[in-house]
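Please read the structure below before turning to the comments.
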Amino acid sequence: MSDDALPGGERRQLAPPVDESGALGWMRKNQFSSWGNGITTVVLIVAVVWILSGFLDWAVFTANFTASVGSECRGGGACWALIREKYRYIFFGSFPYEQHWRPLFAVIAMLTMLVTSADRRMWNWRLLVIWGLGSFVTFLLMFGQIHIPLSLFLTIALVLGGIGMNLRKAIAEPAEMNAYRALAAIGLVGLVLRITGILPAWSLAIAPFSYVETSLWGGIPVTIILATYGLAFAFPYGVLLALGRRSNLPLIKGLCVGFIELIRGVPLISLLIMASVMLPLFLPSGTTIDKFLRAQVAVILFAGAYIAEVIRGGLQSLPKGQFEAADAMGLNYPQKTLLIILPQAIRVVIPPLINTFIGFFKDTSLVLIIGIFDFLNTANQALVDPNWAGFPGEVYLFAAFVYFIFCFSMSRYSKYLEVELNKGTRR
Amino acid sequence: MAAMAAKAVRDLSGASSLIELRSVNKWFGQFHVLSDINLDVKEGEKIVVCGPSGSGKSTLIRCINRLEEHQAGDIVVNGVTLSNDVKNIEAIRREVGMVFQSFNLFPHLTILDNLTLAPIWVKKMPKKDAEEIAMALLNRVRIPEQALKYPGQLSGGQQQRVAIARALCMRPKIMLFDEPTSALDPEMVKEVLDVMVELAGEGMTMICVTHEMGFARAVADRVIFMDRGEIVEQNEPEEFFAHPRNERTKLFLGQILHH
């Protein structure tokens with residue numbers, strides 16, 4: 001149109017129309033646009049108000065917060081006094097009562113570790129430091145005493161030296177390279193001497209508190225430890241399984257497919273029972289593996305198989321051209337996988353991956369079947385006290401609320417990750 | 001055209017062969033996609049490969065850097081005979097750059113990171129040096145200002161120019177182009193062809209699968225026509241377009257040059 005032409009020959013840009021209808025207009029447009037919609041809106045509002053008022057009446061207005069024994073709680077409302085009475089046990093289980101500050105700070109340490117490592121800017125060497133430090137503090141507080149054997153120090157020296165020598169090759173100064181070589185040599189020689197028995201079985205004892213064995217652990221730290229380390233180990237393990245499943249080597253492929261199908265084909269409970277009851281039968285007599293550790297390994301194996309299938313979906317969604325471009329540039333398999341394929345594949349599967357994580361966070365509660373006192377199990381045990389019999393609703397509602405906080409956080413984090421990782425790359 | 005004048009005086013008879021294909025055969029299942037291909041490419045030579053779809057021209061150049069495996073015959077690139085040895089394949093891929101029809105830039109990396117990835121990881125080049133080379137190449141393909149953007153934010157023509165710069169970052173001896181302009185909107189074809197003509201002017205050895213006959217006329221030392229997995233006819237571009245000898249070539253040229 002000639003009206004829109006400016007003297008410079010450019011076309012005038014028109015502003016989009018402004019919506020001036022206001023709140024009432026919005027209501028009219030979105031809630032009451034027809035008789036049918038209007039009736040639906042009214043019915044839904046009435047239903048929500050009715051349900052909410054009933055719930056609030058029970059949970060707040062007629063609830064008892066102060067009773068000192070269950071029999072005082074018979075007014076019909078919720079008996080939150082039970083939670084008040086039992087919350088220490090629900091949160092920390094049979095951990096020695098006067099030492100409850102230890103699991104409390106362990107939980108704080110772990111949550112700090114998780115929250116800081118959720119930040120994308122930390123995804124480099126800092127992540128190792130955060131997890132090393134966080135795990136050390138957590139287990140020092142939970143166990144009270146940690147003995148670090150000499151061989152672990154030597155292994156760390158060997159691994160660090162080896163990684164440095166390989167990754168920093170051609171980039172590092174000669175002095176830095178020599179440091180890596182020395183580190184690796186010390187680790188290697190030390191380990192050989194240790195295995196042949198020339199070096200004594202020395203260990204560094206860090207023992208500021210009294211020792212608390214894992215059978216006394218309980219409540220929220222157990223749930224968080226099982227879920228955190230379960231998923232932290234299951235994730236790389238699942239990635240390896242997914243890559244193995246797409247391998248060209250029939251043996252590796254067969255093993256991975258077999259493992260995934262086997263694990264997916266049995267319930268987690270049966271795996272936990274196997275780890276708890278059957279595994280000790282196969283071990284040479286005298287050796288025992290901690291029950292908690294066995295449950296942890298079972299969770300890792302199980303989660304790994306599911307994560308592998310999620311990751312495989314991401315791998316299959318990548319266009320063939322990405323693989324070909326990486327090949328044509330001369331990248332080798334590890335480089336191609338770590339630099340090109342996995343970063344893209346994992347981005348694609350963040351929603352189903354977090355979905356799996358959330359599922360597993362809740363599934364850790366199945367360890368109660370082999371007598372480990374995770375959060376749901378301690379909540380369950382709180383009901384056993386005859387003084388407070390008859391209020392399962394309150395306890396389970398409370399437990400559900402705590403689980404919800406964790407799962408909802410993960411869900412929001414998934415949303416954040418999707419936006420964060422796709423910055424600039426969206427078409 | 002200046003490029004044509006430069007080409008006319010080029011004498012390749014003394015140059016050594018960079019790529020040699022000896023009776024190369026390949027099948028996709030029962031389908032004989034390459035049948036008895038013999039081809040010599042001299043250093044500095046520019047070859048345009050054309051032919052109907054399904055004629056095996058893409059497969060031919062994809063065999064040269066082992067994106068496809070040939071089943072019979074020998075392929076010698078830069079003195080190295082292609083075999084199943086991974087080291088061998090990687091050595092050849094370091095010397096051969098490739099540009100794809102669908103660009104295949106890495107969408108999760110910035111333009112600069114796309115360019116520096118291979119020099120840093122394959123050639124173990126210090127990051128600073130790699131970035132210098134990358135910026136120089138981005139200048140050459142005329143998009144230095146896009147260095148910190150992601151591929152998804154660029155137009156198709158810009159992405160393809162980045163892809164060319166990315167391949168050049170490895171300082172390859174040979175460049176393979178697999179229909180580099182076929183996925184582009186018409187107004188972007190020229191900007192990519194200009195870069196390729198420039199590259200040819202600098203003496204790069206090139207094999208281009210393309211239907212841009214103007215480009216073939218301006219740049220190619222030799223045009224190869226493929227049909228049903230065979231090299232049907234090859235000649236200098238003037239001769240090839242003016243007097244095609246084979247009936248199939250005539251038919252094909254008639255179809256693509258009719259307007």
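All of the numbers you see were taken from the coordinates with simple rules; none came from a lab. Fair warning: this is a prediction, and the values are worked out from it, not measured in the lab. We place every Cβ from the backbone using ideal geometry, glycine too, and count neighbours over all the protein chains shown.
Between A:H100, A:G218, A:F323, the Cα set farthest toward the positive side of the dipole of chain A (charges on each charged residue's Cβ, about the Cα centre) is that of A:F323. Distance distribution note for region A:10-97: the fraction of Cα pairs above 19 angstrom is 68%. Within the shell defined by Cβ-Cβ distances under 14 Å, the residues around B:I19 carry a net charge of +1, with Lys and Arg each +1 and Asp and Glu each -1. Restricting the calculation to Cα atoms, every distinct pair contributes to the Kirkwood radius of the protein assembly as shown, found to be 31.4 Å. Mean-square fluctuations from a GNM of chain A, with a 10 angstrom spring cutoff on Cα atoms, peak among A:G304, A:G70, A:G218 at A:G70. Sorted largest first, the principal axis extents computed over the alpha-carbon atoms of region B:6-109 equal 43, 40, 33 Å. Could you tell me whether region B:59-190 comes out rounded, prolate or oblate from its Cα gyration tensor? Rule is a ≥ b ≥ c as square roots of the eigenvalues, rounded for a/c under 1.5, then prolate if a/b exceeds b/c, otherwise oblate. Here region B:59-190 falls in the oblate category.
Dipole size of the protein assembly as shown about its Cα centre, with +1 on Lys/Arg Cβ and -1 on Asp/Glu Cβ: approximately 1040 debye, rounded to the nearest 20.
Using the Karplus curve 6.51 cos²θ - 1.76 cosθ + 1.60 with θ = phi - 60°, work out ³J(HN,Hα) for each residue of region A:61-71 in order, rounded to whole Hz, and write x for Gly and Pro. Each residue's phi maps through the Karplus curve to give 5, 9, 6, 10, 9, 10, 4, 9, 8, x, 5 Hz. What's the longest piece of chain A with no exposed GluC sites (Glu not before Pro), counting a site as exposed if DSSP puts it in a loop and it has at most 14 other beta carbons within 10 Å? So the longest stretch without any such site is A:214-427. Computed from backbone phi with θ = phi - 60° and the Karplus coefficients 6.51, -1.76 and 1.60, the 3J(HN,Hα) list for region B:91-102 is 4, 5, 5, 5, 9, 10, x, 9, 10, 9, 4, 9 Hz; x is used for glycine and proline.
Using C-alpha pairs below 8 Å separated by at least 6 residues, the relative contact order for chain B is 25 percent. Cβ under 10 Å from B:I231's Cβ, B:I231 left aside: what net charge do those residues give with Lys, Arg +1 and Asp, Glu -1? Value of the local net charge: -3.
The charge dipole of region B:111-213, taken about the Cα centre with unit charges on the Cβ atoms of Lys, Arg (+1) and Asp, Glu (-1), comes to about 540 debye, rounded to the nearest 20.
Taking amide H atoms as placed 1.01 Å from N in the peptide plane, the amide H of B:E233 lies under 5 Å from those of B:F225, each 5 or more residues away in sequence or on another chain. Evaluated with a Cβ-only charge set (Lys, Arg +1; Asp, Glu -1), chain B carries a dipole of roughly 500 debye about its Cα centre, given to the nearest 20. Residues whose amide H falls under 5 Å from that of A:G218, counting only those 5 or more places apart or on a different chain, are A:S94, A:F95, with hydrogens built in the peptide plane. Checking the cross-link filter: which lysines have an alpha carbon closer than 30 Å to that of B:K250, excluding same-chain neighbours under 8 positions apart? Once the sequence-local lysines are set aside, what remains near B:K250 is B:K7, B:K26, B:K42, B:K46, B:K57, B:K190. 3J(HN,Hα) along region B:170-180, derived from phi through the Karplus expression 6.51 cos²θ - 1.76 cosθ + 1.60 where θ = phi - 60°, amounts to 7, 6, x, 8, 10, 10, 10, 10, 9, 6, x Hz, with x in place of Gly and Pro. The mean count of C-beta atoms from other chains within 10 Å of the C-beta of residues in B:99-105, rounded to a whole number, is 4.
The chymotrypsin sites (Phe, Trp or Tyr not before Pro) found in region A:275-329 include none that occupy coil by DSSP while having at most 10 further C-beta atoms within 10 Å. Each of A:A303, A:L368, A:L114 was placed along the dipole of chain A (beta-carbon charges, centred on the mean Cα), and the one lying farthest toward the positive end is A:A303.
Summing charges over neighbours of A:L243, with a neighbour being any other residue whose Cβ is under 15 Å away from its Cβ, gives +4 when K and R count +1 and D and E count -1. When shorter helices are ignored and each DSSP H run of at least 4 residues is given -39500 (n - 2.57), the per-residue value for chain A at 222 nm works out to -20500 deg cm²/dmol. Entry note, chain A: relative contact order of 16 percent, from Cα contacts under 8 Å with a spacing of 6+ residues. Centre-to-centre separation between the Cα atoms of region A:298-333 and those of region A:112-151: 28 Å. Between the alpha-carbon centres of region B:188-248 and region B:109-160 there is a gap of 28 Å.
Any idea which of A:W131, A:A227, A:S68 is furthest toward the positive side of the dipole for chain A, if Lys and Arg beta-carbons carry +1 and Asp and Glu beta-carbons -1? Positive-end residue among those listed: A:W131.
Note: relative contact order over region B:142-211, using C-alpha pairs below 8 Å and six or more positions apart, is 39 percent. For B:C208, nonlocal amide neighbours, meaning residues 5 or more places apart or on other chains whose placed amide H falls under 5 Å from its own, are B:I47, B:V48, B:V49, B:F177.
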